[in-house]
1. Report whether or not I296 is under 23 Å from G457 (Cβ atoms), outside any loop (DSSP other than H, G, I, E, B) and under 29 Å from the mean Cα position of the chain (by Cα).
2. Failed condition for L539, given (1) in contact with a Ser or Thr (Cβ under 7 Å, 6 or more places away or on another chain); (2) under 23 Å from E559 (Cα atoms); (3) not small (G, A, S), with all others met?
3. Just to check your reading of the model, which residue among R318, R393, R334 is in contact with a helix residue (DSSP H, G or I) (Cβ under 6 Å, 6 or more places away or on another chain) and either charged (D, E, K, R) or closer than 19 Å to A431 by Cα (or both)?
4. Tell me which of these I50 doesn't satisfy, since it passes every other one: (1) hydrophobic (A, V, I, L, M, F, W, C); (2) under 14 Å from F124 (Cβ atoms); (3) modelled with pLDDT under 80.
5. For the range 327-363, what are the residues that are under 22 Å from L314 (Cα atoms) and touching a strand residue (DSSP E or B) at 6+ places or on another chain (Cβ under 9 Å)?
6. Does R147 count as touching a helix residue (DSSP H, G or I) at 6+ places or on another chain (Cβ under 7 Å), within 18 Å of K85 (Cβ to Cβ) and at pLDDT 75 or above?
7. Counting just the residues of the range 445-482 that are polar (S, T, N, Q) and modelled with pLDDT of 85 or more, which one comes out surrounded by the most Cβ atoms within 10 Å (Cβ to Cβ)?
8. Under 9 Å by Cβ, and 6 or more places apart or on different chains, what pairs join a residue from the range 535-546 that is over 17 Å from T226 (Cβ atoms) with one that is basic (K, R)?
Amino acid sequence: MSSPVSRIFKAPLVSKLTVIAYDAFLGGLCMYLVINWRFAIEDKPIPNGIVESATIVFVLSCIASWILTDAHKAIWRFISLDDVKNLFQAVILAAIIAPVILFFSFRADGFPRSVPFICGSLYFFLLILSRMVVLFIQNGDIRAIFRGEKDDLPNAILIGTETSLSNYIRDVSRKAAGPGYNLRGLIGTDADHRGRSIRGIPVLGQLEELSSIYQDLKNRYKTAPTLIATDENQGRTKSYNLVRKASEIGAPLVRVTQSRPDTLSPFEASDLIGRELKALDIEPVRRFIEGKRVMITGAGGTIGSEITRQVAALLPARLTLVDNSEFNLYQIDRELSETIPDKTLNWFPFIANVCDSARMKEIFAAEKPQIVLHAAALKHVPLSEINPVEALRTNIGGTQNMIALAKEFETDSFTLISTDKAVMPSNIMGASKRIAEMLTMSETKDNELSACAVRFGNVLASTGSVVPLFEEQIAKGGPVTVTHKDVTRYFMTTEEATSLVLQAAALNANERPELGSIYVLEMGEPVKINKLARQLIRLRGLVPDRDIQIVFTGLRPGEKLTEKLIYDEEQLESTYVDGVMRFTGAEDAFESMKLPIDELMHKVGLRDRKAIKKALAKLLPNYKPNGSLSPKKDNKPKPKPKPEKDAKSESQSAAILPFASKSD
């Protein structure tokens, strides 16, 4: 923490006055030394009062010149070529003013005419030298002071801490092509340097003033500047606040790329949800995974592939990848081959359907996994409504097969990837996942298998999810299609969801095997998706309802306005893992579900939809099937989407969701 004295000297007004005082003193010293040196060379006596008069006048001239040319505003450790030019102009002005004042005030009797030239040169040299010393001590590099400006380049405003701003300007100045923008101003996020400059670029204010600063520059240069965030690791909350401010004024926003600070990349949808990444202890997961044989189903999907990446980094003895999609399996297999070229990891990809008992038994017999992470599922809500039998067969039947084989081959741990749509389900995907949760809880009684389900909400940027769809529609010029203006959803990044899934699996492995658990990931506040969509549009420098139309298509069968993470009767307890909670209800209630689940799967095998509905009603009395399980709603053409008519609803809108699935 800085001391009170250092904080005083860092205050904008005090720091400027300090610079003026130092530079004026240095100017007076130069004048004093040069006059004495000049007369010493000629071995002549110095006229009375000439040294004192010339020194005082030159000090006052320097103060006036500094104020007139703003030479005092540059921050020394961030000096640039523009600042050097400004200093040169200030010195020339002071060297002209001083002799004029001396002549009219004192007739300049005995004042050598060569002194202003010699003093000015020495003074300018010492000014630059002092600043270069500070620059070199602080940054270790003086090459980045040279910066040019091109009128044909777009304008930009840099936003960040004073250090990140300076580092970015320095890095891009070293590039042959330059920064690619005319940097018109800086906005500080850590200290108020308003009125000063960093490497020759003026500090215009702080983040709270972004709207007025942006509008002023837009009006001055007749074009909208791009906002560039220079902080590499500013945190999710700060990113969210910056994105929110940029979207409110419709400013295009980019940021420095973490791996390459001299390049830029767009903000991601994850920056719009305002979730801070949790600092998790990886050691329990490492002890859980390291040296074990691990099977991952759905290994090529969004969640499955991220589980594969994170598990691979924890050095399992053998990694078994199972997926029904040849292409997805090829992609993750190729990625592992490229990222682990030294063959320190032993893995094998299997094309298989988890519903195929014979095929899965063949894989279990060959691999004998100790840990099973079951991510394979049909998770797209509208497609599951159209194909309900396949959704039930995959999500419930596949889970049945996996648990049975895990018990047969004495697997130590089984983890089911579930969804918030399993809570009070209104669609076949959620219903099938809820029954899979029941199955996981019921099948773990009186055996040595440690089983659990992990329940969480939507995954950002997953296959078939809303964010990639929005970005694609915006890139095409719209319209952005939405289901309902009041829909909200929980969101989490793929990386965060996967890390918490592994934490829950490791946590459950330390519990008594006969106690199956349902773990619920802390999802934060539900996101208003309509607002999210509008922010995405604004981030591209576009205006919703003007540049990009938004249309509401209406909720489809099985979709809800809001989702819940737990049932009312479920009591959650916290765990030692931040962000992971555990359902501690009476597990015995699930044992009675085994027979009804078997009856349901028998009807699924017969593809008897009427009987399937009855079997579902026994298991989930409050669930009302939609889609193709309800013939009266089946195959009806959807009404043509209508554009939003009331432009005022932009400020009142709540949320949207084209896809309500937690796609893997």
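The values are calculated or read from the model by the stated rules, or taken from the named source; none is laboratory data. None of the values given here were measured: they were computed from a predicted structure. Cβ sites come from the backbone with ideal geometry, for glycine too, and all protein chains shown count toward neighbours. Remember, those area values only see protein heavy atoms, side chains included, never the ligands or the DNA or RNA. Shrake-Rupley method; radii C 1.70, N 1.55, O 1.52, S 1.80 Å.
1. yes
2. (2) is the only condition that L539 fails.
3. Sole residue among the options that is in contact with a helix residue (DSSP H, G or I) (Cβ under 6 Å, 6 or more places away or on another chain) and either charged (D, E, K, R) or closer than 19 Å to A431 by Cα (or both): R393.
4. The number of the failed condition is (2).
5. Answer for the range 327-363, where residues must be under 22 Å from L314 (Cα atoms) and touching a strand residue (DSSP E or B) at 6+ places or on another chain (Cβ under 9 Å): L329, Y330, I332, D333, L336, I340, L345, N346, W347, F348, P349, F350.
6. no
7. Restricting to residues being polar (S, T, N, Q) and modelled with pLDDT of 85 or more, the top hit is S450.
8. Hits for this filter: P544/R534; P544/R538; D545/R534.
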